[in-house]
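So the structure is just underneath, and the comments pick up after that.
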Amino acid sequence: MPKWQSAIFRTSCKIPYNKEKTGFLLNCVVYAQGKIGVGCRYESKPNRMIKQNGSGETNMETNTANTLSGVLRKRKSRTRIQRFMYAMRQNKWLFAMAAPGVLFLLIYAYTPMLGLVIAFKRYKFDEGIFGSKWVGFQNFEFLFATRDAWQITLNTLYLNALFIVIGTVSSMFVALLLNEVRKKGLLKFYQSALFFPYFLSWVIVGYFTYALLNYDSGTINKLLESVGFSKIQWYAKPNYWPFILIIVYVWKNIGYFSVIYLASMMGISHEYYEAAKIDGANKWQQITKITIPLLIPVITIMTLLQIGRIFYADFGLFYHVPQNTGLLYSTTDVIDTYVFRSLRMLGDVGMASAAGFYQAVVGLILVLLSNWIVRRINPDNALF
């Protein structure tokens, strides 16, 4: 072999390699047992020169540690801004596609966070946000000093937890049924029929519910009378309303969640089911051993996202469906409706902001805690 050989060594950045002795730039470090030609590509241009000794071996063995440390030093010396700008140049089209969504998030999700300072002030419209008096945690004390504070917190957690569990199970059940429909036209009809209630306003749903439950002319009371039962004053019996709210919530949202689970099911390879049929598995075994286990990551993500908003009650559901009836507050009053009435009657913006801040912090803690539990059980199913 000749005394000098030219070689290219591939890496992510150019660094000076043993510049004092050889004076060349090393594109990357590829080293295997000190031999030239192992993992290297030769070039005809002698712009990357590596000197060999008489036995055909290079002196890289003594300089590899210096080279790797130089790579690490240079990478550490880069600032975060430089790394970000480099990533921007490398992925400019991906960033351009994400820009509208990121801009929307910054304007409508992060910019309003500046208003959280209102939660710690006695806000007055004539003095403005920064001119209002700082009161610390007095707004939070007022929120929890009322006798109804713990009741509305319990209602919020209890009902939202039921919505998550029953909504997930019912949506999975409907998705499994839809997955068995083989005619595309019929499948589209079922999907549209189930998805349609999701687009209805809670105001309209509230009137539908009232038409069913009205004492004098409600459809359900008419049916009860026709079979010999007495009519029920639904809007004066709070013990019925947790079940009514669950039924209304599932009816309105089951189409949305079932479509998500159905899309995940359609992504499962049919080879799994064919192999299970060959082994003699029935339909129930295919569902329990193939479909549900493969949907666990999707179910976990959807559940974690809903847990993050467990302290945020659906205002339309809890305000319009019970018609804001005072007799039902013991089971239908939640944090959002309570704060709305307090803001409407008292005009206390600071207390309303404190309630929103409280919901956001507790929701974040619940998401982090739930994700930590999932990550301890199965890291692959964790949200982050």
Determine which residues of the range 312-334 fall in the zone a paramagnetic label at Gln233 would reach in this model, i.e. backbone nitrogen under 15 Å from the point 7 Å along Cα→Cβ.
-> 325-329
Over the range 257-331, what percent of the accessible surface lies on carbon and sulfur atoms, probe 1.4 Å?
-> 64 percent
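Per residue, how much accessible surface does the range 246-384 expose to a 1.4 Å probe? Answer in Å², no decimals.
Using a 1.4 Å probe on heavy atoms only, each residue of the range 246-384 averages 52 Å².
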How much of the accessible area of the range 91-208, probe 1.4 Å, is carbon plus sulfur, in whole percent?
-> 73 percent
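If I stretch the segment between Asp148 and Glu274 completely, what's the gain in nm (0.36 nm per residue apart, minus their alpha carbon distance), one decimal? Walk me through the numbers before you get to the answer.
Details: separation 126, 0.36 × 126 = 45.36 nm, distance 5.70 nm.
Contour length minus the Cα-Cα distance gives 39.7 nm.
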Would you mind classifying the range 87-126 by shape? Square roots of the alpha carbon gyration tensor eigenvalues, ordered a ≥ b ≥ c; an a/c under 1.5 is rounded, otherwise it is prolate if a/b is larger than b/c and oblate if not.
-> prolate
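Given Lys188/Lys222; Lys188/Lys277; Lys188/Lys252; Lys188/Lys289, which pairs have Cα atoms separated by over 25 Å? Mind showing how you got there, number by number?
Working: Lys188/Lys222 35 Å; Lys188/Lys277 27 Å; Lys188/Lys252 18 Å; Lys188/Lys289 27 Å.
Flagged as over cut-off: Lys188/Lys222; Lys188/Lys277; Lys188/Lys289.
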Between Leu186 and Phe384, how many nm apart are label points set 7 Å from Cα along the C-beta direction?
-> 4.5 nm
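Given the Cα-Cα distance of Thr325 and Leu294 and 0.36 nm per residue of separation, how much length would full extension add, in nm? Show your work: numbers first, answer last.
Working: separation 31, 0.36 × 31 = 11.16 nm, distance 4.42 nm.
The span from Thr325 to Leu294 would gain 6.7 nm if fully extended.
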Give, as a single signed number, the net charge of other residues whose beta carbon lies under 15 Å from the beta carbon of Lys277, with Lys and Arg counted +1 and Asp and Glu -1.
-> -2
What is the Cα convex hull volume of the range 247-384 when expressed per residue in Å³?
-> 144 Å³
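I'd like the FRET efficiency for Lys133 and Ala360, computed as 1/(1 + (r/R0)^6) with the beta carbon distance as r and R0 of 25 Å, rounded to 0.05. Please list the in-between numbers first.
Numbers: r = 23 Å, r/R0 = 0.94.
Computed FRET efficiency for Lys133 and Ala360: 0.60.
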Please list Met97, Met113 in order of solvent-accessible area, largest first, computed with a 1.4 Å probe with all protein chains present.
-> Met97, Met113
Each label point is 7 Å from the Cα along the Cα-to-Cβ direction; what then is the distance between the points at Ser201 and Lys124, in nm?
-> 3.7 nm
Each label point is 7 Å from the Cα along the Cα-to-Cβ direction; what then is the distance between the points at Val169 and Phe243, in nm?
-> 1.5 nm
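The values are calculated or read from the model by the stated rules, or taken from the named source; none is laboratory data. Values in this document were obtained by computation on a predicted structure and should not be read as measured data. Reconstructed Cβ throughout: ideal geometry from the backbone, glycine too, with neighbour counts over all protein chains shown. For accessibility, only protein heavy atoms count, side chains too; no ligands or nucleic acids. Shrake-Rupley method; radii C 1.70, N 1.55, O 1.52, S 1.80 Å.
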